[in-house]
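Peer 1: Let me begin by handing over the structure; questions about it come next.
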Amino acid sequence: MTARPAPRLPIAAGAALTVLLVVFMIAAPAQAAQRTVYLTFDDGPLDGTSNVLSVLEQEQVPATLFMVGQHVLASSERKALLARAKAMPLVTIGNHSFSHANNRYKAFYADTEGVVADMLKANAVLGLTVKPVPARLPGRDVFRLRYVSRNDLSVGEVQAASEQVDFEFVAASDFDVYGWDFEWFHDGTGKPVQKAERLVDEIARLFAYGHMLEKDKLILLMHDQMFQDKFDGVVNLTALIAGLRARGYAFGHIAGYSPAD
Ligand SMILES: [Zn+2]
C-alpha cells in the first residue's frame, strides 16, 4: 500500500490559518483565566427549593441540585418540585442518595453494597438515566471524576481509607462524584451564617490564593433549606449571584467542571 501525499492547503488558506492560530494564542490565556463558580444545592426537594428555582430562573444561571430520593417521595408537592427543576434547562439534577445515610455516616459507609444500592435506588426515584449520573455522597466531601480524585480527610485518615472502597464502587457504578471547595454555612435555624457580600469576599480570597481543587474553578455548597424564608431566601441568593457577577466570575454547568476526555 502506498501512502497518499497529504493534501496541500492553498497559500492564501495557509496564511489565513496562521493568522487564526496567532489570534487564538493571544486569546487563549485570557480565556484560561476565567474564574468559574459552580453553584450546588444539597438535600432537596425541601422547603427552600422553590425559592432556589425561582432565583435561578430569574437570574438565568446554571446550578446543580443534588437531591435526596426519600425527600421526593415525602409528598406530591416535593414530586412537583423535582418535575419543575427537571424542566429547567439550566438546572442539573444530581443524586444525593436515597436515604442520606439516615445521617449515620460511619454505619452507612461500612456497607459498600448498601451504599451502591442506596445510590441506585435514588437514580430510580429521581429518574436519572443518562450515565454517568452526577452525584454527591451524603456527609462526605469526596471527588471521583475522570481526572480528579479526593477523599474526605476531615473524617481522619483511618476512616477515609476504610471508606475508599465505597467511593470506588460508586464511581464504577456510573456515577461522577462531586465534592465541594467551599460551603455557605447555615445556623441551627437554617439561615445563612455569613451575609452574601461577606461570602463573595471569601470566595475572591480563595480564588486569589488558589485554594481549590481545580485551578480557577470553585464548587460552592449550599443547602435548599437556607433559602426557605419567603423574603430573605430570595434576597440572599439573588445578592450572592449579583456579587459573584460583579466580580466577573462565570457560572458553570457541573458537567463542564472536569473534561470528559
Ligand atoms: Zn446532604
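Peer 1: When you scan the stretch 142-157, how many residues do you find that are within 16 Å of the ligand (Cβ to nearest atom) and surrounded by fewer than 17 Cβ atoms within 10 Å (Cβ to Cβ)?
Peer 2: Qualifying residue count for the region: 1.
Peer 1: Starting from the stretch 79-91, keep only residues that are in contact (Cβ under 8 Å) with a residue 12 or more places away in the chain, then list their pairs with residues that are part of a loop (DSSP other than H, G, I, E, B) whose Cβ atoms are within a distance under 7 Å, requiring at least 6 positions of separation or different chains.
Peer 2: Sorted first by the residue in the stretch 79-91, then by its partner, the pairs are LEU81/PRO45; LEU82/PRO45; LEU90/GLN60; LEU90/VAL61; LEU90/PRO62.
Peer 1: What residue, among those in the stretch 226-256 that are outside any helix (DSSP H, G or I) and basic (Lys, Arg), is surrounded by the fewest Cβ atoms within 10 Å (Cβ to Cβ)?
Peer 2: Selected residue: LYS230.
Peer 1: Out of the residues in the stretch 202-261 that are hydrophobic (A, V, I, L, M, F, W, C) and under 12 Å from GLY48 (Cα atoms), which is modelled with the lowest pLDDT?
Peer 2: Per the criteria, the residue is PHE231.
Peer 1: Also, I was wondering about something else. Can you pull out the residues in the stretch 210-225 that are away from the ligand (no atom under 16 Å from the Cβ) and in a strand (DSSP E or B)? Let's see the steps before the verdict.
Peer 2: Applying the first criterion (away from the ligand (no atom under 16 Å from the Cβ)) to the stretch 210-225 yields 210-218.
The answer is GLU214, LYS217, LEU218.
Residue by residue, here is whether (1) within 16 Å of the ligand (Cβ to nearest atom); (2) closer than 19 Å to VAL55 by Cβ; (3) among the hydrophobic types (A, V, I, L, M, F, W, C) holds:
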| position | (1), (2), (3) |
| --- | --- |
| VAL68 | yes, no, yes |
| GLU77 | no, yes, no |
| ALA80 | no, yes, yes |
| ARG84 | no, yes, no |
| MET88 | no, yes, yes |
| VAL91 | no, yes, yes |
| ASN95 | yes, no, no |
| ASN102 | yes, no, no |
| PHE108 | yes, no, yes |
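Peer 1: Which residue pairs have Cβ atoms closer than 6 Å, lie 6 or more positions apart in sequence or on different chains, and pair a first residue in the stretch 34-52 that is at negative phi with a second residue that is within 15 Å of the ligand (Cβ to nearest atom) and among the polar types (S, T, N, Q)?
Peer 2: THR40/THR64; LEU46/GLN225
Peer 1: Collect the residues in the stretch 39-62 that are in contact with a Phe, Trp or Tyr (Cβ under 8 Å, 6 or more places away or on another chain), away from the ligand (no atom under 16 Å from the Cβ) and part of a helix (DSSP H, G or I), keeping them in residue-number order.
Peer 2: ASN51, VAL55
Peer 1: From the list PHE66, PHE98, pick out the single residue that is modelled with pLDDT of 95 or more, among the aromatic types (Phe, Trp, Tyr) and touching a His at 6+ places or on another chain (Cβ under 8 Å).
Peer 2: PHE66
Peer 1: Could I ask something else about it? Testing VAL165 on (1) crowded, with 17+ Cβ neighbours inside 10 Å; (2) aliphatic (A, V, I, L, M); (3) in contact with a helix residue (DSSP H, G or I) (Cβ under 8 Å, 6 or more places away or on another chain), one condition comes back false. Which one is that?
Peer 2: All conditions pass for VAL165, except number (1).
Peer 1: Among the residues of the stretch 131-141, are any basic (Lys, Arg), within 16 Å of the ligand (Cβ to nearest atom) and within 22 Å of VAL61 (Cα to Cα)? Break it down stepwise before answering.
Peer 2: So the first thing to find is which residues in the stretch 131-141 are basic (Lys, Arg), and the list is 131, 136, 140.
Within this subset, residues satisfying the condition of being within 16 Å of the ligand (Cβ to nearest atom) are 136, 140.
If we keep only those that are within 22 Å of VAL61 (Cα to Cα) too, we end up with 136.
Yes, the conditions are met somewhere in the stretch 131-141.
The values are calculated or read from the model by the stated rules, or taken from the named source; none is laboratory data. Everything numeric here is computed off the predicted structure, so don't read it as measured data. Ideal geometry is used to build each Cβ from the backbone, glycine not excepted, and the neighbour counts take in all protein chains shown.
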